[in-house]
Amino acid sequence: MDVFWSRGYHGTSLPDLLEAMKLSRGSLYTAFGDKHELFLLALDRYIEDALTRLDAELDSQKSALMGLRVCLAGYVDRTRGVDGKRGCLVVATTMELSAQDSEVNYRIAKFFRALEARLTASLTRAQEAGELAEDIEPASTARLLVCLIEGLRVLGKTSPSHVTTHAMIETLLDRLTA
C-alpha cells in the first residue's frame, strides 16, 4: 500500500513492489495474481482503514457535534507536513485511474457514499440533539463536507497553513451550529 500511495499506480513498477514486499516475482503472482489485483487489495485496505478511523472519530457514544469536530480536525491534521505532501491514496487514485478503471471507480464511489452516509448519520444525530441550526439539512451538508474533506486532502499537497485550514473548519462548524 505504501509504495502505491507514494508513487501512484502507474509510477509503481513490479521491481518496486517486489523489493518492498521482499517477495520473488513468482511469489507475488501466486499470492496476489498481478499488479492490478495487488493494487485493488491495497486500495481496499486503505479505504477500510479510513472508514474505521472515521467511525472512531464520529463515535456515536459522544456528542455528534464533537465527533464532527474531531473528524474534521483529523483531516486538517492529515493535510500537514509530510503526510499532507504525500496526500490521500483515494484522491490520487481517483485522479489517476477512476476514469478508465471501472473496478477502481466502483471502490472509490462506494467509499464516498460510505463517507457521506456516516456524515449524514452524525449530522442527523446532531440535529436531533439540538446541536445544529434548524435550517441545516443533514444529507446536503454531508455532501458538502465530503467535498471539503477531499478538497483539504488536495490542498494539503501545497502545504497550507494549519491555522488557515483549522479556521476554515471552525467557520463552517460555527455556521452549522444552533
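Computed quantities for the displayed model
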read-out: Tensor-based shape of segment 1-151 (alpha-carbon gyration tensor, a/c under 1.5 rounded, otherwise prolate or oblate); value: prolate
read-out: Integer Hz, Karplus 6.51/-1.76/1.60 couplings in order for segment 152-158, x for Gly and Pro; value: 4, 5, 5, 4, x, 5, 9
read-out: FRET efficiency estimate (nearest 0.05) - Cβ-Cβ, LYS157 to HIS36, R0 25 angstrom; value: 0.50
read-out: Qualifying trypsin sites (Lys or Arg not before Pro) in segment 57-153, DSSP loop, other Cβ atoms within 10 Å at most 13; value: LYS62
read-out: Separation between Cα centres of segment 69-87 and segment 1-40, rounded to whole Å; value: 26 Å
read-out: ³J(HN,Hα) computed for each position of segment 80-95 - Karplus, 6.51 cos²θ - 1.76 cosθ + 1.60, integer Hz, glycine/proline x; value: 9, x, 4, 4, x, 5, 5, x, 10, 4, 5, 5, 4, 5, 4, 5
read-out: Charge-dipole axis of the chain as Lys and Arg at +1 and Asp and Glu at -1 on Cβ define it, positive-most pick from CYS71, SER161, SER140; value: SER161
read-out: Amide H contacts under 5 Å for SER63, placed H, 5+ residues apart; value: none
read-out: Rel. contact order, % - alpha carbon contacts under 8 angstrom, at least six apart, segment 43-176; value: 34 percent
read-out: CD proxy at 222 nm, helix term only [per DSSP H run n ≥ 4: -39500 (n - 2.57); per residue of the chain; nearest 500]; value: -23500 deg cm²/dmol
read-out: Cα gyration tensor, segment 63-138 - rounded (a/c under 1.5), prolate or oblate; value: oblate
read-out: Options LEU152, LEU38, ALA121, ranked by Cα towards positive dipole end of the chain, top entry (Cβ charges); value: LEU38
read-out: THR177 long-range amide H proximity, modeled H, under 5 Å; value: ALA133
read-out: Size of electric dipole in the chain: Cβ of Lys, Arg +1 and of Asp, Glu -1, about Cα centre, debye, nearest 20; value: 440 debye
read-out: Those GluC sites (Glu not before Pro) in segment 91-178 that DSSP places in a loop and that have at most 13 other beta carbons within 10 Å; value: GLU134
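Bear in mind that the values in this text are calculations on the coordinates, not laboratory data. This is a predicted model, so every value here is computed, not measured. Glycine also receives a Cβ, built like all others from the backbone with ideal geometry; neighbour counts cover every protein chain displayed.
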